[in-house]
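Heads up, the thing below is written out as structure tokens.
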Amino acid sequence: MKKHFCRYKKAIFAVCAAFLAVTFTCPPYTANAAKSLSQLKNERASLAKKTQDAKSQLQNIESQKADVLEQIKAMDEVINAAEAQLEQSKADLDDVNARLADSQAALEKAQKDRQAQNALFGKRIKFFYEHGETGYIDVILEAKSVSDMLLRMQYVEDIMKYDKTLLDKLKATEDTIAQKTAEIKDEKAAAEEIVAENQKNNDDLQAQLSNKQAKMQEYSQNEADYQKLLDDMDQSSKNIESLIKQAEQAQQAQKSSGGSTYVYTGGKLNWPVPCKSPSSSSLSSGYGYRSRPIGGGGEFHTGYDIPAPYGSAIVAAEAGTVIYAGWMNGYGNTVMISHGGGLVTLYGHNSSLVVSKGQSVTRGQQIARCGSTGNSTGNHCHFEVRVNGSHVSPQPYLGVGNIAY
């Protein structure tokens, strides 16, 4: 009987050791530091209000019959607000998807813990079934002395405690699984809501873009309005020259004070629109004179126009420093990068910008997203090369042939 009890005691310790291994090697689930559903909804409501405010402003300007430039800028503000709402909803969706992944991982872990605990509990049940003749009472009654009886009672108490601990742990795991399952269902519902809102925002954005295209076509059929557009572009070109001179002076001062600045020393520039092939067939307009859509004479186009889908990445043609990042009459959302040595590249009509003034960028780094802001009738990147402030043909710098008119 003593041998039988020793075997019983070894089984107890084996089960306890296995239980402790599972209990202390599985860290508890901790939620990912993420925005709450109410925060996400409040952010989307705030962005929706900005979009509506921009639309109201546009309606006021149009009702007051303001000039063409103010109307274009107002339409761009509506489009930018709608795009910000769209981008935020995409970010919200990514956030929820990340939280869903975390919850799913926690659920899978809880299920594994439950399976492990069930296996341990099964071993306990199996042992008692196989050794049923040795019950709790038998263990105590077979004691050979008072001290032996107390020791056996302690063993029985330990067994009962571990049984209760196992059952409590199993119940806690079941509760965790139920809670995580409920959270996943809530997160999934929120994700589906964001997807639906994302689609609605996209439809609204496309409507705003179509409205602007129609307005630009209307302006191009009125000679007085079209002349305003050309005058605006000429003035912006002069402003660009002034900005470049200021940037060159600042860089010269930095160099004189011992600071390091990137200096372009030659070589082919990087193609600014990665989703389109670097060839003349990718251009919708080249560098040089072109006929005006109305009236006589021509107008000078100061760069390459590269059509691309809305939101496509626009990248830096070379390493350098951003000397301008913002809205510019005619050019819309514009980025200008100084590469040193008098060379500056310009990227116009972007839907949004991802860099800011003063930021250093590397060759091929994304700086903006393609759009149709400013004096534009379709999504494209207006790319210019400026040498000492004056625009020059991008052909020798990109290695892409110009197109004739």
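The values are calculated or read from the model by the stated rules, or taken from the named source; none is laboratory data. Because the structure is a prediction, the values reported are computed rather than measured. When we count neighbours, we look across all protein chains shown, and the Cβ atoms used for this are built from the backbone with ideal geometry, even at glycine.
Yes/no matrix, rows are residues, columns are (1) over 25 Å from the mean Cα position of the chain (by Cα); (2) charged (D, E, K, R); (3) assigned by TED's automatic domain parsing to the domain that holds Q249; (4) surrounded by fewer than 20 Cβ atoms within 10 Å (Cβ to Cβ):
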site: F300; (1), (2), (3), (4): yes, no, yes, yes
site: P307; (1), (2), (3), (4): no, no, yes, yes
site: V322; (1), (2), (3), (4): no, no, yes, no
site: A325; (1), (2), (3), (4): no, no, yes, no
site: N329; (1), (2), (3), (4): yes, no, yes, yes
site: G332; (1), (2), (3), (4): no, no, yes, no
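Each residue in segment 86-127 was checked for being at pLDDT below 75 and β-branched (V, I, T), and 1 of them qualify. Just need a number here: residues in segment 84-129 that are farther than 22 Å from K185 by Cβ and of a type in the set (S, T, N, Q). So the count comes out to 5. Residue check: is S393 surrounded by fewer than 15 Cβ atoms within 10 Å (Cβ to Cβ) and hydroxyl-bearing (S, T, Y)? Spelling it out, it is not the case that S393 is surrounded by fewer than 15 Cβ atoms within 10 Å (Cβ to Cβ) and hydroxyl-bearing (S, T, Y). Condition check for S338 on (1) among the polar types (S, T, N, Q); (2) closer than 30 Å to D67 by Cβ; (3) touching a strand residue (DSSP E or B) at 6+ places or on another chain (Cβ under 9 Å): one failure, at (2).
Quick grid of which residues meet (1) touching a His at 6+ places or on another chain (Cβ under 7 Å); (2) at pLDDT 75 or above; (3) more than 30 Å from L120 (Cβ to Cβ):
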site	(1), (2), (3)
Y155	no, no, no
D163	no, no, no
K180	no, yes, no
I194	no, no, yes
N211	no, yes, yes
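Contact map, segment 236-255: residues that are without any contact (Cβ under 8 Å) to a residue 60 or more places away in the chain paired with residues that are surrounded by 15 or more Cβ atoms within 10 Å (Cβ to Cβ), Cβ distance under 7 Å, separation 6+ or inter-chain. Pairs shown: Q254/T261; K255/T261. Taken together, Q235, Q227, Q249 contain a single residue that is in the same structural domain as V361 (by TED's automatic domain parsing) and more than 32 Å from the chain's Cα centre (by Cα), which is Q249.
Among all positions in segment 128-146, there is no residue which is assigned to a helix (DSSP H, G or I), modelled with pLDDT of 75 or more and of a type outside the set (K, R).
Counting only residues that are more than 13 Å from Y304 (Cβ to Cβ) and either assigned to a strand (DSSP E or B) or of a type in the set (D, E, K, R) (or both), segment 349-379 holds 12 of them. For segment 370-379, does any single residue satisfy the condition of being buried (at least 16 other Cβ atoms within 10 Å of the Cβ) and either free of Cβ contacts under 8 Å to residues at least 60 places away in the same chain or charged (D, E, K, R) (or both)? No, that holds for no residue. Residues considered: Q221, Q199, Q206. Of these, the only one that is more than 27 Å from the chain's Cα centre (by Cα) and surrounded by fewer than 16 Cβ atoms within 10 Å (Cβ to Cβ) is Q221.
For segment 380-405, filtering for residues that are closer than 13 Å to Y347 by Cβ and in a loop (DSSP other than H, G, I, E, B) leaves 1.
Going through segment 368-389 one residue at a time, which ones are more than 30 Å from N80 (Cα to Cα) and of a type in the set (G, A, S)? Those that are more than 30 Å from N80 (Cα to Cα) and of a type in the set (G, A, S): none in segment 368-389. Residues of segment 314-348 that are assigned to a strand (DSSP E or B) and aliphatic (A, V, I, L, M): I314, V315, V322, I323, A325, M328, V335, M336, I337, L343, V344, L346. Looking across segment 268-298, the residues that are exposed (fewer than 13 other Cβ atoms within 10 Å of the Cβ), more than 29 Å from the chain's Cα centre (by Cα) and modelled with pLDDT of 90 or more come down to S279, S281, S284.
Could you say whether any residue in segment 172-186 is among the basic types (K, R) and over 30 Å from S376 (Cα atoms)? For segment 172-186, residues among the basic types (K, R) and over 30 Å from S376 (Cα atoms): present.
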